[in-house]
Each structure stands twice: as C-alpha cells, then as structure tokens.
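Remarks on the structure that follows.
The values are calculated or read from the model by the stated rules, or taken from the named source; none is laboratory data. Worth saying up front: this structure is predicted, and the values here are computed from it rather than measured. Using ideal geometry, Cβ is built from the backbone for each residue, glycine included, and neighbour counts are taken over all protein chains shown.
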Amino acid sequence: MLRVAFWLTALLFIPLGLYLYFLPPDVASLVGVAPLWLARAAGALVFAWGAFQVAASFAPDRVKIGGLVGGHLLLVAALVPAALRGGDALPAPVRTSMLVVSGVLTVLAVLGLLGAPSRRGRL
C-alpha cells in the first residue's frame, strides 16, 4: 500500500512537471504566467519531486514517508484556499480540478501514514 502511494504521487507529478516545463508560450499567456522561465523552473522542480517519489518507492523508510506526507499536505494547504477563494477569477473546471487534486493528495498522504513501517518489526 505504501509503494502505491509513492507511485501514484509520481504518476501525478511527473506528467505535470513535464507539461509545465514544456509549456507553450500561448498557453502561458492564456494562463497568466508572465516570465516563461518561472513555469520552466516550476516544471523542473515538480518533475524532480515526482522522480524522487519513484526512487523512494524502492526503499521506503520513515524519512521518505515524512517527505511524502509533508509535501502532500503542504500542497493541499496551498491549493484548497486558492480554489475556495478563487470565486469568479477561476473557471469552474479549474476550481473543481484543484479540489479533486487536493482530495487525491490527501488520500495519498493518509495512505502513506497508514503504510508506514512500524518500529516493532526491527527490535
């Protein structure tokens, strides 16, 4: 179950990072990203986080699980207020997708916590 949380996270972040990195200029202007290098830097960071999740799934320990859960909950804490306060500024499909991604990340964080290896097995 723990490896599933890592792999599903990677399946979410790797394509998103690649899309942001190779964001076409016309889409960037439509979304409102003024400096294109900012979208590329964010895409590289998101892609690196997804690649780290793939690598961490092969040997999960308490530190990697803490990174998974902490990263997910920080992202949820950033997405939910933006989606709820967006009001008329965000189109309804964008707001809905932000809330769905937040829900998926919350579920994956809970799966990571529940799948954490116990200390009793190593005594």
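Among the residues of the stretch 75-82, is there at least one that is closer than 19 Å to Pro117 by Cα and touching a residue at least 24 places away in the same chain (Cβ under 8 Å)?
Within the stretch 75-82 (the criterion being closer than 19 Å to Pro117 by Cα and touching a residue at least 24 places away in the same chain (Cβ under 8 Å)), the answer is no, since none of the residues qualifies.
Does Ala55 meet the test of being out of contact with any Gly (no Cβ under 9 Å at 6 or more places or on another chain) and more than 17 Å from Leu11 (Cα to Cα)?
no
Which residue out of Ala28, Ala48 is within 19 Å of the chain's Cα centre (by Cα) and small (Gly, Ala, Ser)?
Only one candidate qualifies: Ala48.
Could you pull out the residue among Leu45, Leu73 that is in contact with a Ser or Thr (Cβ under 8 Å, 6 or more places away or on another chain) and under 18 Å from Phe13 (Cα atoms)?
Leu73
Looking only at the stretch 13-26, count every residue that is at pLDDT 90 or above, exposed (fewer than 14 other Cβ atoms within 10 Å of the Cβ) and not in a loop (DSSP other than H, G, I, E, B) and tell me the total.
So the count comes out to 1.
With the structure loaded, tell me whether Pro117 is in a loop (DSSP other than H, G, I, E, B), under 19 Å from Met1 (Cβ atoms) and either touching a Leu at 6+ places or on another chain (Cβ under 6 Å) or of a type in the set (Asp, Glu) (or both) or whether it fails that test.
No: the conditions fail for Pro117.
Please specify each residue of the stretch 27-82 satisfying the condition of being of a type in the set (Val, Ile, Thr) and part of a helix (DSSP H, G or I).
Looking only at the stretch 27-82, we keep the residues that are of a type in the set (Val, Ile, Thr), and these are 27, 31, 33, 46, 54, 63, 65, 69, 76, 80.
Within the stretch 27-82, Val27, Val31, Val46, Val54, Val63, Ile65, Val69, Val76, Val80 qualify.
Kindly indicate the residue of the stretch 85-99 that is part of a helix (DSSP H, G or I) and surrounded by 12 or more Cβ atoms within 10 Å (Cβ to Cβ) and also modelled with the lowest pLDDT among those meeting that condition.
Val94
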